[in-house]
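J.: Can you read through this structure? Questions will come right after.
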Amino acid sequence: MRLSKLFFKTFKENPNETEIISHQLLERAGYIRKLGKGLYIYTPLMWKVIRKISQIVREEMEKAGAQEVSLPLLHPKELWEKTGRWADFTAENLLYTLEDREGHEFCLAPTHEEVMTYLVSNWVTSYKQLPLNLFQIGPKFRDEIRPRFGLMRGKEFVMKDGYSFSDSPVMMEKQYEAMRHAYSEVFRRLSLNFVIVTAHGGKIGKGKSEEFQVVADIGEDLVMVCQDYASNVETTEAIPPPFTYASVEKEKKELPTPNVSSITDLAQFLNVAKELILKTMIYKLTFADKEEFVAIGIRGDRQVNEVKVGSHFSATEVALATDAEILGLTGSKPGFIGPLNLKLRFYADKTCKAMKNFVCAANIVDIHFINVNWGRDLPHPECDDFLLAEEGDECPHVEGGVYKAQRGIEVGHIFNLGTKYSEKLEATFQAEDAKTQPLWMGTYGIGIGRVAAAMVEQLHDEKGIIWPLNAAPFKIFITFATSKNPALVSKAEEVYTQLLEAGLEPLLDDRDERLGFKLKDSDLLGIPFKIIVGKSFTEEGKLEIESRKGEKQLIDVNDLLSWAHTLK
C-alpha cells in the first residue's frame, strides 16, 4: 500500500473526551473515528488489525477442533423468553429491541446462547456426534449505561463467541480445558501480559468460570493475585486479618450517638476498633418478576461485595436501598440501621460469626448498642461469603499466601453452562444407554476490539502505538530521505516492490513531506519496522532499518529479502 493512497488521517492532539491511552492513540493515529456515544467507525487501518487478531483466534479455535458459523444478529423474542433472559436483560435496559412490520418483537444480539442452542437442537441427536464446538466472529450490541474508553466499552463491538456441546459433565470439562488452552495461545501469540482469573458468570451462567485479564493500570476490573492463583475481586474468596474478641460476654448497653452515622466516626466516638462494629447494609434485589429487600451485616472494617449478594439470592440486579426506602422499611436512616428490632430478613458475612461484645445499631436515630452478642441478644444469623476482598487478605487457595491487587482488562471469558439452556430449549440427544438427555454446554467469548485496545494499553510509548508483528496493519514502513533525490525515490520504490511481491506487507510513504514528519507518523501508527533509503544508501549502498522499539541496523541492499524473511 502506498501511503498517498491510504484512507487515513493522523492528529497532533488528543481528541476530546478521550480518557485513556488506547482511546487517544487509536483516534490520533486514524484507526477509529467516533460516530456517537459508544459507536466507532473502524477505518482501513483498524479493520486490518481486527482481521489479523480474528485470524489468530480463528486458527487457534480450529486447532482445538471448533468450527466456524455465522448467526443472525436479529433474534426473535420468543426464543429469549424460553430461557427467561428477555425479562432479565430488558429489566436493565441492556437489550436493543424492535418490532417488524408484522408486530413481531426482536432484539439485536448481545450474545448467541439461545440461537446457537436452537441451531444444534434436533440436528445433534446422538452421543456419537459429540463433542461439538461451534464459534463465530462478528458484531454484538449492548445498550451500555455508560459507554466509555473507546473500544473498551461500546454499544456495538466485535466479538468471538463460541459454544461447546457435550454428552456429560466430564466431556464438558474437557472442552472447557481445550478452550482454556486455545485462549492462552491466542493471547500469547499477541504478546500480551495476561492472567487467568476465577470469575463470575454474570447473566450468562453460574457454572465454572474464568476470565482472561490483560494487566493494565487503567483496567476496569480489580484482580486479586496470589502466586499462581488469581481471581476477579467480584468472586475472590479471602480471609481478612484476624481480630481477637473477648471471651466473656458483657452487659448490653444503649448509648446515645448523636449525629454519629459513619463507621469511622462511630469508632472514634466510642473509642473502639472498627472490627468491633457490626455494619448493616440494606439492598434491593431485583428479580424477573419481583423486588425484595434484605439486610446484610459485615464487620465494620470491611465492605460488602454486591456481586456475591446477587449470586447468593440469584437476583438479576443488586442495588443499595435509597434513604427513602430505608426510612420506609425501618423508620430510621442510614448510619443507624442494625439487626436489633429489624423486621427485614437479616444475613451476615462469615466474618461476623466470631464477633462478641460488638457494637450495632437498632434502627433508632442517634442510638447504638454496645456489647451485643449472638445467641443472647440476637439469633445467630444465616452466614455466607459476602466479603469484598482486599490486598493483604489471606488466600485460602495458597498455603500462607496473601493477595496483591492489580488492575486488569477483561479480554476473554470462558464458562461452563451445564444444561441451563439445553433444558429450556429442548436440545437433547440419545445417550449410549438409549436414554434421552439434555446437552451439556460451555460458552467462550473474546472481545476482539477490546483485545486491540488492550494491546495498545500495554504496547505503546511516548511516540505512539507499538503493534506486535502479527497484528500490525503493515509490517514494514518504507520511505526515502528526500523526494528531491531521484535515486533515493527509485530505490525506495524498488524495495517496496520486492517486499510486496514477497508478501511482507510493506507500506510505502511516497508523500512529498519532510522525513521527520513521515517518521513521526510511522511511530504513531505503530508499524514494527522502518526502512529508510537515505544517506547510508548514497554513501555505502546500505539501507537503514529501525524497529519500532528503537533497535537500529544497516544492511546491504542485496541482503534485503534475507533480512525480511526472518520476520515471517
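The values are calculated or read from the model by the stated rules, or taken from the named source; none is laboratory data. A quick note: this is a predicted structure, and the numbers were derived from the prediction, not measured. Using ideal geometry, Cβ is built from the backbone for each residue, glycine included, and neighbour counts are taken over all protein chains shown.
Each row is one residue, and each column tells you yes or no for (1) aromatic (Phe, Trp, Tyr); (2) free of Cβ contacts under 8 Å to residues at least 40 places away in the same chain.
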position: 510; (1), (2): no, no
position: 517; (1), (2): yes, yes
position: 526; (1), (2): no, no
position: 554; (1), (2): no, yes
position: 558; (1), (2): no, yes
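J.: On to the next question. Can you find even one residue in the range 199-218 that is exposed (fewer than 15 other Cβ atoms within 10 Å of the Cβ) and in a strand (DSSP E or B)?
T.: Scanning the range 199-218 turns up no residue that is exposed (fewer than 15 other Cβ atoms within 10 Å of the Cβ) and in a strand (DSSP E or B).
J.: Still on this structure: Restricting to the range 241-266, what's the tally of residues that are small (Gly, Ala, Ser) and closer than 16 Å to residue 356 by Cα?
T.: 2
J.: Have a look at 30, 36 and point out the one that is of a type in the set (Gly, Ala, Ser) and exposed (fewer than 15 other Cβ atoms within 10 Å of the Cβ).
T.: On inspection, the qualifying residue turns out to be 36.
J.: Return the residue satisfying two criteria in turn: it lies in the range 122-150 and is modelled with pLDDT under 95 and outside any loop (DSSP other than H, G, I, E, B), and of such residues it is farthest from residue 68 (Cα to Cα).
T.: Top of the filtered list is 148.
J.: Next question, about the same structure. Filter the range 167-179 for residues that are closer than 14 Å to residue 64 by Cβ and among the polar types (S, T, N, Q) and give the result.
T.: Matches in the range 167-179: 175 only.
J.: It is to be established whether one or more residues within the range 156-165 are crowded, with 21+ Cβ neighbours inside 10 Å, β-branched (Val, Ile, Thr) and in a strand (DSSP E or B).
T.: yes
J.: Looking only at residues in the range 269-315 that are farther than 17 Å from residue 336 by Cα and hydroxyl-bearing (Ser, Thr, Tyr), which one is surrounded by the fewest Cβ atoms within 10 Å (Cβ to Cβ)?
T.: 314
J.: For the range 293-310, give me each residue that is touching a residue at least 24 places away in the same chain (Cβ under 8 Å) and not aliphatic (A, V, I, L, M).
T.: Those that are touching a residue at least 24 places away in the same chain (Cβ under 8 Å) and not aliphatic (A, V, I, L, M): 293, 297, 299, 300, 301, 302, 303, 305, 308, 310.
Residues are listed down the side, and each one gets a yes or a no for (1) basic (Lys, Arg); (2) touching a Leu at 6+ places or on another chain (Cβ under 8 Å); (3) modelled with pLDDT under 95; (4) closer than 25 Å to residue 259 by Cα:
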{"site": "329", "(1), (2), (3), (4)": "no, yes, no, yes"}
{"site": "366", "(1), (2), (3), (4)": "no, no, no, yes"}
{"site": "369", "(1), (2), (3), (4)": "no, yes, no, yes"}
{"site": "375", "(1), (2), (3), (4)": "no, no, no, no"}
{"site": "379", "(1), (2), (3), (4)": "no, no, no, no"}
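One line per residue, one yes/no per condition, for (1) under 25 Å from residue 418 (Cβ atoms); (2) among the hydrophobic types (A, V, I, L, M, F, W, C):
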{"residue": "157", "(1), (2)": "no, yes"}
{"residue": "163", "(1), (2)": "yes, no"}
{"residue": "172", "(1), (2)": "yes, yes"}
{"residue": "181", "(1), (2)": "yes, no"}
{"residue": "190", "(1), (2)": "no, yes"}
{"residue": "210", "(1), (2)": "yes, no"}
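J.: Would it be correct to say that residue 13 is at pLDDT 95 or above and not assigned by TED's automatic domain parsing to the domain that holds residue 505?
T.: It is false that residue 13 is at pLDDT 95 or above and not assigned by TED's automatic domain parsing to the domain that holds residue 505.
J.: Looking at 58, 2, 28, 51, which is the one that is touching a residue at least 40 places away in the same chain (Cβ under 8 Å) and either of a type in the set (Val, Ile, Thr) or under 18 Å from residue 454 (Cβ atoms) (or both)?
T.: Only one candidate qualifies: 28.
J.: State all residues of the range 456-503 that are part of a helix (DSSP H, G or I) and of a type in the set (Asp, Glu); if no residue qualifies, say none.
T.: 457, 493, 494, 501
J.: Quick one: which strands (runs of 3 or more DSSP E) lie wholly within the range 324-406 and hold at least 2 residues that are under 20 Å from residue 265 (Cα atoms)?
T.: Result: 358-361, 367-372.
J.: Can you pull out every residue in the range 517-548 that is buried (at least 17 other Cβ atoms within 10 Å of the Cβ), assigned to a strand (DSSP E or B) and of a type outside the set (Asp, Glu)?
T.: Within the range 517-548, 529, 530, 531, 532, 533, 542, 543, 545 meet the criteria.
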